[in-house]
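The values are calculated or read from the model by the stated rules, or taken from the named source; none is laboratory data. No experiment lies behind these values; they were computed from the predicted model shown. Note: ideal-geometry Cβ built from the backbone for every residue, glycine included; neighbour counts use all protein chains shown. Each accessible area value is taken on the protein alone, full model and side chains, heavy atoms only, with ligands, DNA and RNA left out. Shrake-Rupley method; radii C 1.70, N 1.55, O 1.52, S 1.80 Å.
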Amino acid sequence: DSTADTIQRILPRTCEAINEDWISDKSRYSFEGISYQRLEKPLLRTATSFETISWEQALVIAQERLSRKNPLKKAAIVGDLIDVEAMFALGKLWNVIGSPHIDCRQNKSLISTEHRSHYLFNSGIAGIDKADAILIVGGSLRLDATLIHARIRKACIERKVPVFGVGESQQNWGFLFPFTSLGNDKESLERLLTQDDKATRTLKKAKFPLVLLMDEVLCHEGGHYIQGLCHQIVDQLGFMKRDPKGALTWNGFNVVSQAASRVGGLDMGIVPGKEGMPTKEIIAAAESGAINTLLLMGADEITVQPHQNCFV
């Protein structure tokens, strides 16, 4: 709801497949930041402060910096809330410039993009209503995916669905539903593949099992190995179901992204090209001077201490 050009409140739109008719308090009051400390004119950083410049000046500077000269010294990082159309346009621009250094994974995740199903929430949020056993790998589900957390809570309360968790600091996860901790390291996942314990039997027996892999896990060293273990669990414990003709009827592998536009960016191919650098390496190269022009497209959380020869 709005008055003139001012947002007064945010209300949920009913959608049974995603949020039913509910939104979190974080969403309900998120509009307050729109009215304060907004940047309306371009600012050029000087040695000691910021100088207000016109849009014409800003575009000329951008054109000079993004010229085709030395394309391998240019890089771009896309933020978490950028729309797909803007990412598509940036991808085309970067192809023209000729730089392979571009990444939409602002959180430094190295999630696999080999197959689209490797980074999707394949069951859909509504699929949680069918799940009869759930494995959560990682932690901040309540903070980063409140709608999913609410659906799991509903499944636990109404249908007594068993939930198992693997990850560090589980006592701080704040889940509002009962769950069984299996451990906090990769060995906890390996045991699901090698031991015939209660958790393994429950997940294997389930008709609609789910694994929820938080993409924050993939930001750390060993993330690729953890994702590989999750794929093995999906294959060996039967998280994917097929009909007699071989058609896939259920895919219980889900990645929970921390960013609203992450899947859209991966669909657009906003990832490093051949010999391109991912986010972590781009930042290091900008700070060392190996990258002389860095474009942060809505990547406000990225902190860069640029080399004197790198323009951000």
## Note on the structure
All conditions in (1) in contact with an Asp or Glu (Cβ under 8 Å, 6 or more places away or on another chain); (2) closer than 30 Å to L11 by Cα; (3) free of Cβ contacts under 8 Å to residues at least 60 places away in the same chain are true of E85 except (1)
### Query
Which residues, counting only those in segment 244-272, are assigned to a loop (DSSP other than H, G, I, E, B), hydrophobic (A, V, I, L, M, F, W, C) and in contact with a Phe, Trp or Tyr (Cβ under 9 Å, 6 or more places away or on another chain)?
M268, I270
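Of V263, V312, which residue is surrounded by fewer than 20 Cβ atoms within 10 Å (Cβ to Cβ), of a type in the set (V, I, T), farther than 25 Å from K130 by Cβ and in contact (Cβ under 8 Å) with a residue 12 or more places away in the chain?
Details: V263 fails: farther than 25 Å from K130 by Cβ.
Selected residue: V312, the only one of V263, V312 that is surrounded by fewer than 20 Cβ atoms within 10 Å (Cβ to Cβ), of a type in the set (V, I, T), farther than 25 Å from K130 by Cβ and in contact (Cβ under 8 Å) with a residue 12 or more places away in the chain.
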### Query
Conditions: (1) closer than 14 Å to L120 by Cβ; (2) at pLDDT below 90. L248 meets all but one. Number of the miss?
(2)
### Query
Filtering segment 52-74 down to residues that are within 19 Å of T293 (Cβ to Cβ) and among the charged types (D, E, K, R), which residue is modelled with the lowest pLDDT?
R68
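Which of the residues spanning segment 266-309 are of a type outside the set (V, I, T) and either open to solvent by less than 30 Å² (accessible area, probe 1.4 Å) or free of Cβ contacts under 8 Å to residues at least 12 places away in the same chain (or both)? Spell out how you get there, then give the answer.
Initial filter on segment 266-309 (of a type outside the set (V, I, T)): 266-269, 272-278, 280-281, 284-290, 292, 294-301, 305-309.
Answer for segment 266-309, where residues must be of a type outside the set (V, I, T) and either open to solvent by less than 30 Å² (accessible area, probe 1.4 Å) or free of Cβ contacts under 8 Å to residues at least 12 places away in the same chain (or both): L266, G276, P278, E281, A284, A285, A286, G289, L294, A299.
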#### Entry: Index of the failed condition, I77 passing every other in (1) in contact with a Gly (Cβ under 7 Å, 6 or more places away or on another chain); (2) closer than 30 Å to V211 by Cβ; (3) modelled with pLDDT of 95 or more; (4) not small (G, A, S)
(1)
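If I ask for residues that are open to solvent by 10 Å² or more (accessible area, probe 1.4 Å) and either under 19 Å from C104 (Cα atoms) or small (G, A, S) (or both), which ones from segment 244-258 would you list? Please lay out each step first, then the result.
Step one: of segment 244-258, the residues open to solvent by 10 Å² or more (accessible area, probe 1.4 Å) are 244-251, 257-258.
Scanning segment 244-258 gives G246, A247, S257, Q258.
Just wondering, is there one or more residues in segment 156-175 that are without any contact (Cβ under 8 Å) to a residue 12 or more places away in the chain and either touching a strand residue (DSSP E or B) at 6+ places or on another chain (Cβ under 8 Å) or not basic (K, R) (or both)? Break it down into steps so the answer makes sense when it comes.
Kept after step one, since they are without any contact (Cβ under 8 Å) to a residue 12 or more places away in the chain, are these residues of segment 156-175: 158, 160, 171.
With either touching a strand residue (DSSP E or B) at 6+ places or on another chain (Cβ under 8 Å) or not basic (K, R) (or both) added as a condition, the list becomes 158, 171.
Yes, there is a match, as at least one residue in segment 156-175 is without any contact (Cβ under 8 Å) to a residue 12 or more places away in the chain and either touching a strand residue (DSSP E or B) at 6+ places or on another chain (Cβ under 8 Å) or not basic (K, R) (or both).
Can you pull out every residue in segment 88-131 that is of a type in the set (D, E, K, R) and in contact (Cβ under 8 Å) with a residue 24 or more places away in the chain? Break it down into steps so the answer makes sense when it comes.
First, the residues of segment 88-131 that are of a type in the set (D, E, K, R): 92, 103, 105, 108, 114, 116, 129-130.
Those that are of a type in the set (D, E, K, R) and in contact (Cβ under 8 Å) with a residue 24 or more places away in the chain: D103, R105, K108, R116, D129, K130.
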## Note on the structure
Sole miss for I23 among (1) among the hydrophobic types (A, V, I, L, M, F, W, C); (2) under 30 Å from R142 (Cα atoms); (3) out of contact with any Pro (no Cβ under 8 Å at 6 or more places or on another chain) is condition (3)
### Task
Tell me, yes or no, whether segment 274-295 has at least one residue that is closer than 30 Å to K69 by Cα, of a type in the set (A, V, I, L, M, F, W, C) and part of a strand (DSSP E or B).
yes
### Query
Since A260 meets every condition but one in (1) aliphatic (A, V, I, L, M); (2) closer than 17 Å to I77 by Cα; (3) modelled with pLDDT of 90 or more, which condition does it not meet?
(3)
### Query
Within segment 265-299, can you find the residues that are out of contact with any Leu (no Cβ under 9 Å at 6 or more places or on another chain) and of a type in the set (D, E)?
D267, E281, E287
